[in-house]
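This report refers to the structure that appears directly beneath it.
The values are calculated or read from the model by the stated rules, or taken from the named source; none is laboratory data. Because the structure is a prediction, the values reported are computed rather than measured. For neighbour counting, all protein chains shown are included, and Cβ atoms are generated from backbone atoms with ideal geometry for every residue, glycine included. In case anyone asks, the SASA skips ligands and DNA or RNA and just uses the protein heavy atoms, side chains included. Shrake-Rupley method; radii C 1.70, N 1.55, O 1.52, S 1.80 Å.
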Amino acid sequence: MLLREVEYAKPASVADALGVLAQNDGARALAGGQTLINVMKARAASPDVLVDLNGLDELKGIELAGDGTLTIGAMTTYTELMASAEAKARPILGEVVSTIADVQVRNRGTIGGNVCASDPTNHLPPLMAAIGARFTIAGANGEREVGADEFFLGVYMTAVGVGELLTKITIPAGKHDGFAAVTLGVDGTCIANAAASLDGSLRIALGCVDAVPVVLEPASADEAAVREAVRGAALDPPSDVHATAEYRTHLAEVLAVRAARQAQER
Amino acid sequence: MSDHPITVTVNGVEYERQVEARKLLIHFVRDDLDLTGSHIGCDTGNCGACSMIVNGTLVKSCMMLAVQADGATVETVEGLADGEELTPLQKSFSEHHALQCGYCTPGMLMSATALLRENPSPSEDEIKKALQGNLCRCTGYWNIFEAVKAVAR
Ligand SMILES: Cc1cc2nc3c(=O)[nH]c(=O)nc-3n(C[C@H](O)[C@H](O)[C@H](O)COP(=O)(O)OP(=O)(O)OC[C@H]3O[C@@H](n4cnc5c(N)ncnc54)[C@H](O)[C@@H]3O)c2cc1C
Ligand code: FES
Ligand code: FES
């Protein structure tokens, strides 16, 4: 497919990238391109300038602090995350990204791109919400850090504003996590998914049922409590060719129970 | 819109070309370099027919811009055989009848080649996982797995 005409810049530093983004309202960051290039083919978006973040080493890499906190650069690919010894400190991360699409997509797709795309069917928005991830956003006025509740604003909309970049994601220590999904084929797109974490207070985040992850804090991880919390959320998910709203609501409840059970068993 | 000068090494041959930023890598390789072995199946990143190895990494070339390959080393299906001498994997595809129409084959070969380089002794599950991004509408996959398994050590 021939894309609409676009300019291309490959900055050598985050500062340069922010400069190009600030100069032009129609500039858009290009990470792995595994969503954005398709969006451009479909003409759902037609940026004027693509600011290629590949090559910005500042946005790569995974660090594990002494207290178990993980800091993951936005441009870290799924494949790099899967291979990282540091990332094993929070095992759910590698487990979930290894089920995203296929080798080729995992070789290019990035952690930052996945959350910035804020596609309600993506794997990482609910996971990041459940495990208490914090997002560092850089712009002309310096850096700020927000939690998932402030980061995900809507379908394809996040707290990353015009002229800004997500630079890293910070994840607290923990291992009592779970993730469950019903997908289109093995490792396919999620019809519904749920992530759970028992580190800190119990948090369950449901994906595919609303524009942003629906976060619940059930009284306990017991099946009855989890079911009650999901019912209490009065979900109103979309219907599509894969699932009616009613079926998706049912899946959300079942998957929340499975994710909570997995978190408990660790 | 401005053209970008790029230098790309494809199957050992260095090419210097001007490309528009909007040109996908698959179109550059097929249309500008006339290497038509890599196919376009879906043009949405789903089928894997356009798979190439870029700087040692397997990618779908319909999901990457040609300008992003500036300075890169690209391998396509044309680069596998040494003259008339097929690779063991290619021979195995032939022996196991791992293709019917052949449309998916260039991508399958690149994905299996990338797998075997990284892991010369993959298990059956590892072979399946490695070929997940490549769709075949003809074979039912069975003979493709058999062909890859036969060359796995
Ligand atoms: C066949 C196929 C199947 C897929 N299946 C799944 C799936 O099952 N689950 C899943 O979760 N994903 C899936 N994906 C999507 C994939 O995971 C993408 O890689 C991901 O959604 C986007 O990451 P990216 O690095 O490719 O970002 P890009 O496509 O480059 O960017 C996506 C958006 O985020 C913005 N952006 C990216 N990085 C930054 C940053 N650092 N700062 C500010 N803005 C930024 C871009 O401007 C763009 O708007 C699939 C993709 C394909 C092609
Ligand atoms: S043509 Fe690139 S994945 Fe189908
Ligand atoms: S042999 Fe026809 S698509 Fe695979």
| query | For segment A:84-144, what's the relative contact order in percent, using C-alpha pairs closer than 8 Å and at least 6 residues apart? | reply | 18 percent
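Give the B-A buried accessible area in Å², both sides summed, 1.4 Å probe, nearest 100.
On the way: alone 8200 and 12210 Å², together 17970 Å².
Accessible area lost upon association: around 2400 Å².
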| ³J(HN,Hα) computed for each position of segment A:63-75 - Karplus, 6.51 cos²θ - 1.76 cosθ + 1.60, integer Hz, glycine/proline x | 10, 10, 7, x, 8, x, 5, 9, 10, 10, x, 4, 8
| Taking all protein chains as present, what is the carbon and sulfur share of the accessible area of segment B:30-99, in % to the nearest whole number, probe 1.4 Å? | 44 percent
| task | Calculate the length of the line joining the C-alpha centroid of segment B:102-141 to that of segment A:160-236, in whole Å. | result | 32 Å
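Averaged per residue, what accessible area in Å² does segment A:177-265 show with a 1.4 Å probe, protein chains only? Don't jump to the answer; show the numbers that get you there.
Values: 4040 Å² over 89 residues.
That works out to 45 Å² per residue.
With Cβ to Cβ distances under 11 Å as the rule, what net charge do the other residues near residue A:168 carry (K, R +1; D, E -1)? Please list the in-between numbers first.
Numbers: positive: A:60, A:134; negative: A:58, A:63, A:143, A:145.
Local charge sum for residue A:168: -2.
Find out how many positive minus negative residues lie around residue A:51, taking Lys and Arg as positive, Asp and Glu as negative, among other residues whose Cβ is under 12 Å from that of residue A:51.
Numbers: positive: A:10, A:28; negative: A:7, A:16, A:48, A:52, A:164.
Net local charge, residue A:51 excluded: -3.
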| request: Would you mind giving the average projected area, over all directions, of the Cα convex hull of segment A:177-265 in nm² with one decimal? | output: 5.4 nm²
| field | Those residues of segment B:1-26 for which accessible area with every protein chain present is at least 50 Å² below the isolated value (1.4 Å probe) | value | B:1, B:22
| task | With θ set to phi - 60°, apply the Karplus curve 6.51 cos²θ - 1.76 cosθ + 1.60 along segment B:79-90 and write out the HN-Hα couplings as whole Hz, x wherever there is a Gly or Pro. | result | x, 6, 5, 9, x, 8, 7, 6, 6, x, 5, 4
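Which value, in Å², gives the accessible area per residue of segment A:7-52 when a 1.4 Å probe is used on the protein heavy atoms? Kindly include the intermediate steps, with their values, before the conclusion.
Details: 1880 Å² over 46 residues.
I get 41 Å² per residue for segment A:7-52.
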| Probe 1.4 Å, all protein chains in place: accessible area of residue B:138 in Å², nearest 10? | 50 Å²
| field | Tilt relative to chain B, helix B:105-118 - C-alpha long axis, 0 to 90 degrees, to 10 | value | 80 degrees
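Tell me the net charge near residue B:4. Cut-off is 14 Å between Cβ atoms, residue B:4 excluded, with +1 for each Lys or Arg and -1 for each Asp or Glu. Before the final figure, lay out the partial values.
Values: positive: A:10, B:17, B:22, B:23; negative: A:5, A:7, A:52, B:3, B:16, B:20, B:32, B:70.
Neighbourhood net charge equals -4.
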| Amide H to amide H under 5 Å from residue A:153: which residues, 5+ apart in sequence or cross-chain, H placed 1.01 Å off N in plane? | A:158, A:159
| query | Mind listing the phi-derived Karplus ³J(HN,Hα) values for segment A:34-48, rounded to whole Hz, using 6.51, -1.76 and 1.60 with θ = phi - 60°, and x for any glycine or proline? | reply | 6, 10, 4, 5, 5, 4, 6, 4, 6, 6, 6, 8, 9, x, 7
